[in-house]
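Chemist: Handing you this structure, nothing more for now.
The values are calculated or read from the model by the stated rules, or taken from the named source; none is laboratory data. Values in this document were obtained by computation on a predicted structure and should not be read as measured data. Counting neighbours? That spans all protein chains shown, and the Cβs are built from the backbone with ideal geometry, glycine included.
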Amino acid sequence: MKLRKRLADVDRLVEDKTEFPIPSDGTIKILVNDINASMDEIFGARTSNARDFYVKSIWFVTPEVFPTQRMNHFAKTISRVRSVVQAAINRLEKWRSEGERDKDNKILRAYAGLDLHPEIARAANVLYCDGHYANAIEDAVKALNSLVRLRSGLESDGTSLMQTVFSPKNPILRFNSMRDQSDMNEQTGFMMMFTGAVAGLRNPRAHTLIKDDPERALEFIAFVSLLAKLLDGATKSPAAEQDLGRK
């Protein structure tokens, strides 16, 4: 953070001085200008928020004559400058904390407004609302995997299940009539989406500790829900129906 660098600059000013600096000392002017420029950059040039934390060169001016008195005044001024910069940091941290809290509440409201597939909602809602975002994503994909197994009648799992069930060459479940190349491309694309959900969303969270943020988790779960709804609209291919009849 820029303001923490300014604090470091203040500390260096004290450390680098072998004798008491006078108001015309260039290092003091540079320090004051850098601090005020940082306030303008962060809070907006010449805004009331920026002016709240401006530092003035005149603070360093002392009418005292004796070196000890002048040094005491300098030490008090340095302390004042540090307090001002720290107050600016505190305000920023407060705004950031409040902003993150408002953002989280907004995302939770957005999640509550989603029209999720019933099985995906059943698997993910409690975990998501309790803040277990990675687990919510993982369980959502597990629910999708179970739905595919139920609809297809296969006992396999994961990517092999998705590639077998939705294979464009010999699908068990299909999303269209498979009459032309466009239909084949759509089937292939959806197969890859289902496969990707397992490989990219479920598997990493099943084997690695992943910390998902609420917004990303919402998007992933909505995606899994969309796949579940697409699955609801899929139909058994004629060949798969014949195989089922022979069984």
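Chemist: Which residue out of ALA124, ALA87, ALA112 is among the hydrophobic types (A, V, I, L, M, F, W, C) and in the same structural domain as LEU227 (by TED's automatic domain parsing)? I'd like the intermediate steps shown before the answer.
Modeler: Values: ALA87 fails: in the same structural domain as LEU227 (by TED's automatic domain parsing); ALA112 fails: in the same structural domain as LEU227 (by TED's automatic domain parsing).
Answer to the check: ALA124.
Chemist: Is it the case, given these coordinates, that SER156 is assigned by TED's automatic domain parsing to the domain that holds LEU226, under 14 Å from LYS236 (Cβ atoms) and of a type in the set (S, T, N, Q)? Working first, answer last.
Modeler: On the way: assigned by TED's automatic domain parsing to the domain that holds LEU226: yes; under 14 Å from LYS236 (Cβ atoms): no; of a type in the set (S, T, N, Q): yes.
Against the criterion (assigned by TED's automatic domain parsing to the domain that holds LEU226, under 14 Å from LYS236 (Cβ atoms) and of a type in the set (S, T, N, Q)), SER156 does not qualify.
Chemist: With under 13 Å from VAL141 (Cβ atoms) and out of contact with any Pro (no Cβ under 6 Å at 6 or more places or on another chain) as the only criterion, which of LEU201, LEU209 stands out? Reasoning before the result, please.
Modeler: On the way: LEU209 fails: under 13 Å from VAL141 (Cβ atoms).
Result: LEU201 is the single residue among LEU201, LEU209 that is under 13 Å from VAL141 (Cβ atoms) and out of contact with any Pro (no Cβ under 6 Å at 6 or more places or on another chain).
Chemist: Every residue in segment 62-83 that is of a type in the set (S, T, N, Q) and surrounded by fewer than 14 Cβ atoms within 10 Å (Cβ to Cβ), please.
Modeler: In the first step, residues of segment 62-83 are kept if they are of a type in the set (S, T, N, Q); the result is 62, 68-69, 72, 77, 79, 83.
Listed by number, the residues that qualify are THR68, GLN69, ASN72, SER79, SER83.
Chemist: Next up: Would you call ARG216 part of a helix (DSSP H, G or I), surrounded by 15 or more Cβ atoms within 10 Å (Cβ to Cβ) and either touching an Asp or Glu at 6+ places or on another chain (Cβ under 6 Å) or at pLDDT below 95 (or both)?
Modeler: Values: part of a helix (DSSP H, G or I): yes; surrounded by 15 or more Cβ atoms within 10 Å (Cβ to Cβ): no; either touching an Asp or Glu at 6+ places or on another chain (Cβ under 6 Å) or at pLDDT below 95 (or both): yes.
For ARG216, the condition - part of a helix (DSSP H, G or I), surrounded by 15 or more Cβ atoms within 10 Å (Cβ to Cβ) and either touching an Asp or Glu at 6+ places or on another chain (Cβ under 6 Å) or at pLDDT below 95 (or both) - is not met.
Chemist: Still on this structure, I have one more. Between a first residue in segment 27-52 that is within 22 Å of ARG96 (Cβ to Cβ) and a second residue that is outside any helix (DSSP H, G or I) and basic (Lys, Arg), which pairs have beta carbons less than 8 Å apart while being 6 or more apart in sequence or on different chains?
Modeler: The qualifying pairs are ASP40/ARG46.
Chemist: Test each condition in (1) more than 30 Å from LEU147 (Cα to Cα); (2) surrounded by 12 or more Cβ atoms within 10 Å (Cβ to Cβ) for ARG101 and report the one that comes out false.
Modeler: (2)
Chemist: Quick check on my filter: what residues within segment 206-230 are within 17 Å of ARG109 (Cβ to Cβ) and of a type in the set (D, E, K, R)? Break it down into steps so the answer makes sense when it comes.
Modeler: So the first thing to find is which residues in segment 206-230 are within 17 Å of ARG109 (Cβ to Cβ), and the list is 213-219, 221-222.
Listed by number, the residues that qualify are ASP213, GLU215, ARG216, GLU219.
Chemist: Which one is surrounded by the most Cβ atoms within 10 Å (Cβ to Cβ) among residues in segment 29-61 that are hydroxyl-bearing (Ser, Thr, Tyr) and either under 22 Å from ASN90 (Cβ atoms) or not assigned by TED's automatic domain parsing to the domain that holds ILE89 (or both)? Steps first, answer last, please.
Modeler: Step one: filter segment 29-61 for residues hydroxyl-bearing (Ser, Thr, Tyr), giving 38, 47-48, 54, 57.
When the remaining residues are screened for being either under 22 Å from ASN90 (Cβ atoms) or not assigned by TED's automatic domain parsing to the domain that holds ILE89 (or both), the result is 38, 47-48, 54.
On the way: SER38: 20, THR47: 12, SER48: 8, TYR54: 14.
Top of the filtered list is SER38.
Chemist: Tell me which of these ARG179 doesn't satisfy, since it passes every other one: (1) out of contact with any Phe, Trp or Tyr (no Cβ under 9 Å at 6 or more places or on another chain); (2) part of a helix (DSSP H, G or I); (3) of a type outside the set (Gly, Ala, Ser).
Modeler: (2)
Chemist: Go through (1) modelled with pLDDT under 95; (2) surrounded by fewer than 15 Cβ atoms within 10 Å (Cβ to Cβ); (3) of a type outside the set (A, V, I, L, M) and name the single condition ASN185 misses.
Modeler: Against the list (1) modelled with pLDDT under 95; (2) surrounded by fewer than 15 Cβ atoms within 10 Å (Cβ to Cβ); (3) of a type outside the set (A, V, I, L, M), ASN185 comes up short only on (1).
Chemist: Given (1) buried (at least 17 other Cβ atoms within 10 Å of the Cβ); (2) out of contact with any helix residue (DSSP H, G or I) (no Cβ under 7 Å at 6 or more places or on another chain); (3) closer than 18 Å to LEU231 by Cβ, identify the lone condition not met by LEU116.
Modeler: (2)
Chemist: Follow-up question, since we're still on this one. Has segment 191-212 got any residue that is farther than 29 Å from HIS132 by Cα, free of Cβ contacts under 8 Å to residues at least 12 places away in the same chain and more than 25 Å from the chain's Cα centre (by Cα)? Spell out how you get there, then give the answer.
Modeler: Of all residues in segment 191-212, those farther than 29 Å from HIS132 by Cα come to none.
Within segment 191-212, not a single residue is farther than 29 Å from HIS132 by Cα, free of Cβ contacts under 8 Å to residues at least 12 places away in the same chain and more than 25 Å from the chain's Cα centre (by Cα).
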